[in-house]
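Engineer: Just dropping this structure here.
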Amino acid sequence: MKKYHSLSRDIITRFCLFAVFLSLLFSLFNFAFLYTVEDFFIERSVKNEAAYLLEQYRSGDNWLAPRKPNMTLHHSVDSFPEEIKGIYQEEPRRKEFFGKQGRHYHMVKIDTSPSKYLIAEVSEQLVVRPLRPFIFILLSISTLVLTLIACFIAYRLSKRTIAPLTKLADLVAGASPNKLPAKFAQQYPANEIGVLATTIEGSMQRIKDFVSREQHFTRDVSHELRTPIAVIKNSGELLAADKGLSGGNRELLAQIEQACLNMEQTVNTLLSLAREESSQTNTEPVRVLPEVEQVVIQHAALLDGKDVRVNLDIDSDARVNIHRGTLQILISNLVSNAFQYTMAGEVSIRWKHGYLEVFDTGPGLEDDIKDSILEPMVKGKDSPGFGLGLSIVKRLCEHHGFALSIENQANGMMVRIEFNRA
Amino acid sequence: MKALALHILIIEDQPAIARNIGQFLESRGHVPDFASDGKQGLALALSNHYDLIILDIMLPKMDGLQVCKHLRQQAKRHIPILMLTARDTLGDKVTGFEMGADDYLTKPFALEELEVRCLALSRRHLLQTENKISIGDLVIDRQLQQVRRQGKPLELSAMHYNILLILAESFPKVVSRTELCQRMWGDEPTESDALRSHIYQLRQIIDKPFGSAMVKTVHGVGFALVASQD
């Protein structure tokens, strides 16, 4: 993961840069101190000599020559060595001068009137200059070593902090509602990351509980609903057997029966959705033709008394990788809708190249609701109960990644489900 | 054929459902009896003679699975049991069959479907013992492999006889084309045209010479026998 590297590399880089910077800074201080101390000693010896000369002059009224061979006493600026005369004239406050060929001058002004100048050429006495390469190498090596140590420390530090974070991030990113990680918090160190891990673990557990509760609720409610639906359905069937029922009442009864069938389908579909966990894993290559035949036989009663032809165009070898129950629900929904709302004509069921088409010569959908029919709670003006059934089919299709489409055709309506060829 | 009047015990604690089932079965000429909890149901099943038991799973005092298990252990004969329930998972069905149920119907169900299953279950039972299947005015003698309708013997090829037998054994249930082909020709690729012509020929022999048609095509996807008198 890119992020991991840049964050850790960031820490390491900064540590190393800081180490280098610190080393350079202290090396600079070192050199500054060395030169300062050197200058101090040199200046002291020149000052001492100047004081001595002054004392001798005062007591003997005579300027002696300096005792050190590298020192010279000048009575005026004119006798200054050429290489520093110009510099002194430009910068009268300067006391230290660089000459050619490595010569180095220190000057002490003796405060008499007129002033005298003691100039010492100290290039032979310099300690730092000859040592400079050695010091330089020493400082460079120690800089390098310290930087490496800093790098190492930074690496260990980043491993300690970033790696658990990355591990946690990977764990969370790979989680899906069906496979939530659990009980992972103990593996993490007892620091801020551990707190994060514990909190996330708690959240995952709560999500799991919510999902489980919803599934249980859906299952329990659906089972509870099945009994009253059975009562309504059977009572309706018994009523329908009454020959003396008036036309108006017969229509009312037909409405009850239709609504009952829709409830049945809805409950079955809800249960199928509530069992989504197992339906994702229990897929098998299911033969389509036998399932469609069974559904047609099951709902044949819906076509009683209606002049409707049923056509099947399904290859006997056609198979699809799917949970059997899910396929049954989908076919059942489409076929029962087609049977229910077609008064005359035909219902054609086709299977081609991984998609199922159910065409019926029923009233179809009104244009303005055709697209929104797949939203829940949208119903056609004259078609009771059309909305909820199809919207649940849509949810089932969405859940499994199948494409659902509805088309108004010249003489009827076609619903198509495209199954992914898994 | 007068529908065989079955004595049916309905063990169901929901009074509305029990009443509906009972009323429907009565209207079909059967004789229903009722129990509203598992214990009462088991006691009745063991002490009276029933052709079939309709058993709900969610029962007070003793649940249906237990009733089934005990019945299988204690009854002297095998009573056909149709389990009725709101639970429909594969696991539930397997458990039901493991406990000894013969068939399984989930709520809500169509009353006609229920009767069809009842007839099929009890008929199956009869078939085992009598070797003769009678449906309407059709009689199939399985031992002699003879078929008569209205007393007249019919000449059938082996293929036609087998098709007729399959439909008769499933009566009154509908047999899908796929299932019929599967049972006739196994896993060979289905020759639906061949089947169509066989059915046509069967009809020529069984239906055409007689007043009513017994071989019915259900919406092009399946076939069933229809009893000629009802």
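The values are calculated or read from the model by the stated rules, or taken from the named source; none is laboratory data. On a predicted model such as this, the values are computed, not experimentally measured, just so you know. All Cβ positions, even for glycine, are placed from backbone atoms using ideal geometry, and neighbour counts span all protein chains on display.
Engineer: Could you check segment A:306-332 and list, in sequence order, the residues that are within 17 Å of residue A:352 (Cα to Cα) and of a type in the set (Ser, Thr, Tyr)?
Structural biologist: Within segment A:306-332, just A:316 meets the criteria.
Engineer: Working only within segment B:93-113, note down all residues that are among the charged types (D, E, K, R), more than 8 Å from chain A (Cβ to nearest Cβ), surrounded by fewer than 20 Cβ atoms within 10 Å (Cβ to Cβ) and over 23 Å from residue A:269 (Cβ atoms).
Structural biologist: Once the filter is applied, which keeps residues that are among the charged types (D, E, K, R), more than 8 Å from chain A (Cβ to nearest Cβ), surrounded by fewer than 20 Cβ atoms within 10 Å (Cβ to Cβ) and over 23 Å from residue A:269 (Cβ atoms), segment B:93-113 yields B:98, B:103.
Engineer: Right, something else. Could you identify the single residue in A:335, A:295, A:320 that is in contact (Cβ under 8 Å) with a residue 12 or more places away in the chain, in a strand (DSSP E or B) and of a type outside the set (Lys, Arg)?
Structural biologist: A:320
Engineer: Being more than 28 Å from residue A:219 (Cβ to Cβ) and in contact with a helix residue (DSSP H, G or I) (Cβ under 7 Å, 6 or more places away or on another chain) narrows it down to one residue among A:319, A:250; which is it?
Structural biologist: When all the criteria are applied, what remains is A:319.
Engineer: Let me ask you something else. Quickly run through segment B:208-227 and pick out the residues that are part of a strand (DSSP E or B) and basic (Lys, Arg).
Structural biologist: B:216
Engineer: Which of the residues spanning segment A:311-321 are in contact with a Leu (Cβ under 9 Å, 6 or more places away or on another chain) and either more than 9 Å from every other protein chain (Cβ to nearest Cβ) or surrounded by 20 or more Cβ atoms within 10 Å (Cβ to Cβ) (or both)?
Structural biologist: A:314, A:315, A:318, A:320, listed by residue number.
Engineer: A further question on this structure: Identify the single condition in (1) outside the structural domain of residue A:217 (by TED's automatic domain parsing); (2) closer than 30 Å to residue A:213 by Cβ that residue A:348 does not satisfy, given that it satisfies every other one.
Structural biologist: (2)
Engineer: Cβ-Cβ distance below 8 Å, separation of 6 or more or different chains: which pairs start in segment B:98-124 with a residue that is within 14 Å of residue B:55 (Cβ to Cβ) and part of a helix (DSSP H, G or I) and end on one that is at pLDDT 90 or above and of a type in the set (Val, Ile, Thr)?
Structural biologist: Every condition considered, the pairs that remain are B:114/B:21; B:114/B:54; B:118/B:8; B:118/B:54.
Engineer: Could you check residue B:62 against (1) aliphatic (A, V, I, L, M); (2) more than 30 Å from residue A:216 (Cβ to Cβ); (3) more than 23 Å from the chain's Cα centre (by Cα) and say which number it fails?
Structural biologist: Only one criterion in (1) aliphatic (A, V, I, L, M); (2) more than 30 Å from residue A:216 (Cβ to Cβ); (3) more than 23 Å from the chain's Cα centre (by Cα) is unmet by residue B:62, namely (2).
Engineer: Any idea how many residues of segment B:46-79 are out of contact with any Ser or Thr (no Cβ under 8 Å at 6 or more places or on another chain), among the small types (Gly, Ala, Ser) and surrounded by 24 or more Cβ atoms within 10 Å (Cβ to Cβ)?
Structural biologist: 0
Engineer: Which residues, counting only those in segment A:70-122, are of a type in the set (Gly, Ala, Ser) and under 16 Å from residue A:44 (Cα atoms)?
Structural biologist: Of everything in segment A:70-122, just one residue is of a type in the set (Gly, Ala, Ser) and under 16 Å from residue A:44 (Cα atoms), namely A:120.
Engineer: Mind checking which strands (runs of 3 or more DSSP E) fall wholly inside segment B:130-207 and carry at least 3 residues that are within 14 Å of chain A (Cβ to nearest Cβ)?
Structural biologist: none
Engineer: When you scan segment A:131-142, do you find a residue that is part of a strand (DSSP E or B) and loosely packed, with under 12 Cβ neighbours inside 10 Å, even just one?
Structural biologist: No, there is no match, as no residue in segment A:131-142 is part of a strand (DSSP E or B) and loosely packed, with under 12 Cβ neighbours inside 10 Å.
Engineer: Okay, moving on. Quick check: anything in segment A:294-309 small (Gly, Ala, Ser), within 12 Å of chain B (Cβ to nearest Cβ) and either at negative phi or surrounded by 20 or more Cβ atoms within 10 Å (Cβ to Cβ) (or both)?
Structural biologist: Taking every residue of segment A:294-309 in turn, at least one turns out to be small (Gly, Ala, Ser), within 12 Å of chain B (Cβ to nearest Cβ) and either at negative phi or surrounded by 20 or more Cβ atoms within 10 Å (Cβ to Cβ) (or both).
Engineer: Restricting to segment A:187-241, name every residue that is among the acidic types (Asp, Glu) and either out of contact with any Asp or Glu (no Cβ under 8 Å at 6 or more places or on another chain) or surrounded by fewer than 12 Cβ atoms within 10 Å (Cβ to Cβ) (or both).
Structural biologist: Residues satisfying the conditions are A:192, A:201, A:209, A:214, A:220, A:224.
Engineer: Next question, about the same structure. If I ask for residues that are touching an Asp or Glu at 6+ places or on another chain (Cβ under 8 Å) and either within 10 Å of chain B (Cβ to nearest Cβ) or on the phi > 0 side of the Ramachandran plot (or both), which ones from segment A:322-338 would you list?
Structural biologist: A:324
Engineer: Got a sec? Which of B:24, B:34 is within 14 Å of chain A (Cβ to nearest Cβ) and at pLDDT 90 or above?
Structural biologist: None of the others qualify; the one that does is B:24.
Engineer: If I filter segment A:335-354 down to residues being at pLDDT 90 or above and more than 19 Å from residue A:410 (Cα to Cα), which single residue comes out as surrounded by the fewest Cβ atoms within 10 Å (Cβ to Cβ)?
Structural biologist: My answer is A:351.
Engineer: Quick check: is even one residue across segment A:278-291 of a type in the set (A, V, I, L, M, F, W, C) and at pLDDT 90 or above?
Structural biologist: yes
Engineer: Another question, then. Within segment B:80-91, count every residue that is assigned to a helix (DSSP H, G or I) and in contact (Cβ under 8 Å) with a residue 12 or more places away in the chain.
Structural biologist: Of the residues in segment B:80-91, 0 are assigned to a helix (DSSP H, G or I) and in contact (Cβ under 8 Å) with a residue 12 or more places away in the chain.
Engineer: Something else now. Only one of (1) over 16 Å from residue B:84 (Cα atoms); (2) within 14 Å of chain A (Cβ to nearest Cβ); (3) of a type outside the set (Asp, Glu) is not met by residue B:40, so which one is it?
Structural biologist: Only one criterion in (1) over 16 Å from residue B:84 (Cα atoms); (2) within 14 Å of chain A (Cβ to nearest Cβ); (3) of a type outside the set (Asp, Glu) is unmet by residue B:40, namely (2).
Engineer: While we're here: (1) assigned to a helix (DSSP H, G or I); (2) more than 12 Å from chain B (Cβ to nearest Cβ): which one isn't true of residue A:228, the others all being true?
Structural biologist: Against the list (1) assigned to a helix (DSSP H, G or I); (2) more than 12 Å from chain B (Cβ to nearest Cβ), residue A:228 comes up short only on (2).
Engineer: Just give me the residues in segment A:242-275 being charged (D, E, K, R) and either under 14 Å from residue B:86 (Cβ atoms) or exposed (fewer than 15 other Cβ atoms within 10 Å of the Cβ) (or both), in sequence order.
Structural biologist: A:242, A:243, A:250, A:251, A:264
Engineer: Is it true that residue A:87 is in a helix (DSSP H, G or I), in the same structural domain as residue A:46 (by TED's automatic domain parsing), free of Cβ contacts under 8 Å to residues at least 12 places away in the same chain and in contact with a strand residue (DSSP E or B) (Cβ under 7 Å, 6 or more places away or on another chain)?
Structural biologist: Here the answer is yes, as residue A:87 does meet what is asked.
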